[in-house]
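The values are calculated or read from the model by the stated rules, or taken from the named source; none is laboratory data. Note that the coordinates shown come from a computational prediction; the quantities given were computed from them, not determined experimentally. Using ideal geometry, Cβ is built from the backbone for each residue, glycine included, and neighbour counts are taken over all protein chains shown.
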Amino acid sequence: MCSMAMPTGLGVIDLMVQIPSDDNSKWYEFLKPLLLDRESREQFQFPAQYMFKDVPKSRQSSDHVATILGEMDRHGIERAMIGITHSDAKRALKAHPDRFFGSYEVNPNLGMEGVRDLVRAHDEFGIKAATAFPAGMCPQVPINDKRFYPLYAKCVELDIPICVCAGVPGPRVPMGAQDVALIDEVCWFFPDLKFVTRHGCEPWTELAVKLMLKWPNLYYSTSAFAPRHYPKAIIDYANTRGADKIMYAGYFPMGLSLERIFRELPEVGFKDEVWPKFLRDNAKRVFKL
């Protein structure tokens, strides 16, 4: 069956949204110890802005939750996953449980205290996923590092996925911690762990496809990529054997506007039976929504 335009009215589930703030650049303070080049440290507002055009600008608002809800309504997003990093996000989860569900950013460098933090987030906010940025931690923690193992085990116990950045990171930090090959060992040792990649897996997208064929609980989300730049290997995989493995995730307001994403999405060459799974059904199943 040939590809067709994206259907409307599905009730999209977006697996990467953040509540805007008056100064979005403050989100990246954690990266400063790792950034050694002058441009990143002194000129960039957004650590990977050399890769993105038309990055959404911070906007003053008396109600940032209302702002993001308006954006979601405008683009047909029924639910969005947000990190519980600040008070607005926590307020959004409590006030609008039908529109938002939470994730918690883990830090393997904290040892068992980090595991307890994850459990507290699950108990208090009912988070649906853990998230991790291996190359953005200080010190960095490779995907298959044993410091991650207690967190992986706890995700299995809590029956929640972990969403992990994989591939060359956008910020100018070393890439080795996010080599896609490292995922293989994790999936082998934790066959029950639902592992969802973030941020593209480039330049190892073909390897990511091979690993998704190999491991039943390994998935791919499209976060931080404008649809026109979705890797060909991922589109081809979704249209063949991987329709149940590829999930939509945006990047608003960190690096991409929803306007751009939803302007470009209809041009992605998914087959008609792939669209509902990509935009909604796979996320609903994997994240138990």
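Screening segment 49-69 for residues that are at pLDDT below 85 and among the aliphatic types (A, V, I, L, M) and picking the one that is nearest to GLY250 (Cα to Cα) gives VAL55.
Each residue in segment 229-238 was checked for being surrounded by fewer than 18 Cβ atoms within 10 Å (Cβ to Cβ) and either over 18 Å from the mean Cα position of the chain (by Cα) or among the β-branched types (Val, Ile, Thr) (or both), and 2 of them qualify. Scanning segment 52-81 for residues that are of a type in the set (D, E, K, R), out of contact with any strand residue (DSSP E or B) (no Cβ under 9 Å at 6 or more places or on another chain) and buried (at least 17 other Cβ atoms within 10 Å of the Cβ) gives no hits.
Summed over segment 153-164, residues that are surrounded by fewer than 17 Cβ atoms within 10 Å (Cβ to Cβ) and under 12 Å from PHE190 (Cβ atoms) total 3. Within segment 59-72, being free of Cβ contacts under 8 Å to residues at least 40 places away in the same chain and over 20 Å from the mean Cα position of the chain (by Cα) holds for ARG59, GLN60, SER62, ASP63, ALA66, GLY70. When restricted to residues that are more than 21 Å from GLN18 (Cβ to Cβ), in contact (Cβ under 8 Å) with a residue 24 or more places away in the chain and not aromatic (Phe, Trp, Tyr), segment 250-283 contains 11.
Within segment 96-112, how many residues are farther than 19 Å from PRO142 by Cα and either outside any loop (DSSP other than H, G, I, E, B) or over 18 Å from the mean Cα position of the chain (by Cα) (or both)?
7
Among the residues of segment 123-130, is there at least one that is aromatic (Phe, Trp, Tyr), over 30 Å from SER40 (Cα atoms), more than 18 Å from the chain's Cα centre (by Cα) and part of a loop (DSSP other than H, G, I, E, B)?
Narrowing segment 123-130 to residues aromatic (Phe, Trp, Tyr): 125.
Among the residues that remain, those that are also over 30 Å from SER40 (Cα atoms) are: 125.
Restricting the remaining residues to those that are more than 18 Å from the chain's Cα centre (by Cα) gives 125.
Filter once more, keeping what is part of a loop (DSSP other than H, G, I, E, B): none.
No: segment 123-130 contains no residue that is aromatic (Phe, Trp, Tyr), over 30 Å from SER40 (Cα atoms), more than 18 Å from the chain's Cα centre (by Cα) and part of a loop (DSSP other than H, G, I, E, B).
Kindly indicate whether PRO231 is at negative phi and touching a helix residue (DSSP H, G or I) at 6+ places or on another chain (Cβ under 7 Å). The answer is yes for PRO231.
For first residues located in segment 130-159 and within 17 Å of VAL196 (Cα to Cα), partners that are part of a loop (DSSP other than H, G, I, E, B) and among the β-branched types (Val, Ile, Thr) and lie 6+ apart or on another chain with Cβ distances below 6 Å form the pairs ALA130/VAL106; ALA132/VAL106; PRO134/VAL141; PRO134/ILE143; ALA135/VAL173; LEU151/VAL106. All conditions in (1) free of Cβ contacts under 8 Å to residues at least 60 places away in the same chain; (2) under 27 Å from PHE262 (Cα atoms); (3) outside any loop (DSSP other than H, G, I, E, B) hold for ASP88, with the sole exception of (1).
Test of understanding: among THR240, THR205, which residue is of a type in the set (Ser, Thr, Tyr) and in contact with a Pro (Cβ under 7 Å, 6 or more places away or on another chain)?
THR205
Give segment 27-51 a look and list any residue that's part of a loop (DSSP other than H, G, I, E, B) and surrounded by 17 or more Cβ atoms within 10 Å (Cβ to Cβ), or say none. LEU35, PHE44, PHE46, PRO47, ALA48, listed by residue number. Among the conditions (1) at negative phi; (2) surrounded by fewer than 15 Cβ atoms within 10 Å (Cβ to Cβ); (3) not acidic (Asp, Glu), the only one that PRO150 does not satisfy is (2).
Listed conditions (1) modelled with pLDDT of 85 or more; (2) over 20 Å from the mean Cα position of the chain (by Cα); (3) assigned to a loop (DSSP other than H, G, I, E, B) are all met by ILE19, apart from (2).
Among residues belonging to segment 207-228 that are over 18 Å from the mean Cα position of the chain (by Cα) and of a type in the set (A, V, I, L, M, F, W, C), point out the one that is farthest from ILE261 (Cα to Cα). Ranking the qualifying residues of segment 207-228, first place goes to TRP215.
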